[in-house]
Amino acid sequence: MSATVKDPRSPKRPKSPKRPKDATAPAASRSRGMRLPGGISLRFEPRAVAVGLLLVAATLVLAVLLIGTGDFDIAPWDVVQTLLGNGSPAHDFVVNDLRLPRVLVAVLVGAALGMAGGIFQSVSRNPLGSPDLLGFGYGSAVGALVVIILFKGGADQVAAGAVIGGVLTGVVVYLLAYKRGIQGYRLVLVGIGASAMLVAVIQYLLTKAQLVEASRAMVWLTGSLAGRDWAQVWPLLATCLVLFPLVLGQGRALRMMEMGDDAAYALGVRVERTRILLMLAAIVLTTAASAAAGPISFVALAAPQLARRLSRSPGSNLLSGALMGAVLLLLSDWASQRAFGSDQLPVGVVTGLVGGVYLLWLLVTERKSGRI
């Protein structure tokens, strides 16, 4: 029997360095639990809740400031008093009849696009999975231009055409991208191809339009909140009230699907049924937003990612993405009225400028990380 004697002169073996903790890994440990009556337990993350409350406060503050902005400026306190029913007749007309519908359309359109973008990015598991890049906005544009140019339809017919065009585009893109399930990059590539073809159709329709119809079509294509009234508020509000609870109710299943179809199946999620339901809801939200304000670009792309970076919470962050979308569109509308002097720009121009810079930054970041 032999024993091994350690030489005291031999150098000590260095200890292996401790692995740094991932900033996103302990998200579950940062969550807090709450037990409700009836044996119901609720878990939440304090940072995500705080970010959501801040976004709600920012939405309210920006809405009040935007209502008071215009040729006839109104102080924020007077705006609040008027909304509570204690304003003067002049303030009541300006606030409730002229400016409040525009602000509500901005909030609802931004929230709808933010939630739709969060759904598409989660389903495709790709940060480029956005209605702007998948062609649904262009599909709505084709439907609206067909009504404007070929049928000389009114505002209601244009809105209906935008919804039909967007839904049909979504169905076609889904069917073309489906192959034993939906893979993220395949969905994005099919969407980019569909966008290119739809842009060609838009250009063809514009060449066939008369001067009046072409001018009307270009105004719609730019995306604007000018002249919005209660006729645009009510259909969009009804759509959001129906689809937001439906989508949020599928949040747990969507979070499991982000781990992969096999893992979601093992956890009891009906993957294909849930995916179709969520994508259909996202398409309807996108087309309803386009019908109300035109194709507002890049809000759906940027809002969910900015919300996720602020909250540092895993998952789709659907509610915070919707709130961030509302904040982004309110800020863009304020900038379109104030940042360029007496020349007011359509809000779609501002979101396009800011969103284009964000898209370039995102592409550079994804390339450096090796994901594209």
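The values are calculated or read from the model by the stated rules, or taken from the named source; none is laboratory data. Here the structure is a predicted model, which is why all the values come from computation and not from measurement. When we count neighbours, we look across all protein chains shown, and the Cβ atoms used for this are built from the backbone with ideal geometry, even at glycine. These accessible areas exclude ligands, DNA and RNA; they are computed on the full protein's heavy atoms, side chains included. Shrake-Rupley method; radii C 1.70, N 1.55, O 1.52, S 1.80 Å.
Taking amide H as placed 1.01 Å from N in the peptide plane, the amide H of residue 178 sits under 5 Å from none that are at least 5 places away or on another chain. Between 0 and 90 degrees, the angle of helix 184-208 with respect to the longest Cα principal axis of the chain falls at about 20 degrees.
For the peptides 220-228, 157-165, 190-198, 125-133, residues were scored by their other Cβ atoms within 10 Å and the scores averaged per peptide; the highest-first order is 125-133, 157-165, 220-228, 190-198.
Given a 1.4 angstrom probe, what's the average accessible area per residue across segment 89-204, in square angstrom? If you can, show how the numbers build up before the last one.
Numbers: 4580 Å² over 116 residues.
Spelled out: the 1.4 Å probe surface of segment 89-204, per residue, equals 40 Å².
Going by Cα centres, segment 79-109 and segment 196-219 are how many Å apart? Result: 35 Å between the Cα centres.
Mean-square fluctuations from a GNM of the chain, with a 10 angstrom spring cutoff on Cα atoms, peak among 121, 210, 183 at 210.
Of all the Cα-Cα pairs you can form in segment 37-147, what percent are over 20 Å apart? Beyond 20 Å sits 62 percent of the P(r) for segment 37-147.
Taking a temperature of 20 °C and a viscosity of 1.002 mPa s, what whole-number D in µm²/s does Stokes-Einstein yield for segment 124-263 with Rh from Kirkwood over alpha carbon pairs? The diffusion coefficient I find is 128 µm²/s.
Sorting the Cα pairs of segment 219-372 by distance into bins of 10 Å, from 0 upward, gives 10, 32, 35, 18, 5, 1 percent per bin.
Counting protein heavy atoms only, the chain has 66 percent of its accessible area on carbon and sulfur, 1.4 angstrom probe. Applying 1/(1 + (r/R0)^6) with r as the Cβ-Cβ distance of residue 155 and residue 197 and R0 = 22 angstrom yields a FRET efficiency of 0.20. Against the chain, whose longest principal axis comes from its Cα atoms, helix 347-368 is set at around 20 degrees.
Just the number please: accessible area per residue for segment 260-372, 1.4 Å probe, all protein chains included, in Å². Kindly include the intermediate steps, with their values, before the conclusion.
Details: 4950 Å² over 113 residues.
With all protein chains present, segment 260-372 gives 44 Å² per residue.
Calculated on the Cα set of segment 268-317, radius of gyration then Dmax: 13.6, 39 Å. On the principal axes of its alpha carbon atoms, segment 77-130 extends 52, 16, 12 Å, with the longest extent given first. Under the classification rounded if a/c is under 1.5, otherwise prolate if a/b is larger than b/c and oblate if not, where does the chain fall, given a ≥ b ≥ c as square roots of the Cα gyration tensor eigenvalues? Taking the square roots of the gyration eigenvalues as a ≥ b ≥ c, the chain is prolate. The tail of the calculated P(r) for segment 205-281 beyond 16 Å holds 67 percent of all Cα-Cα pairs.
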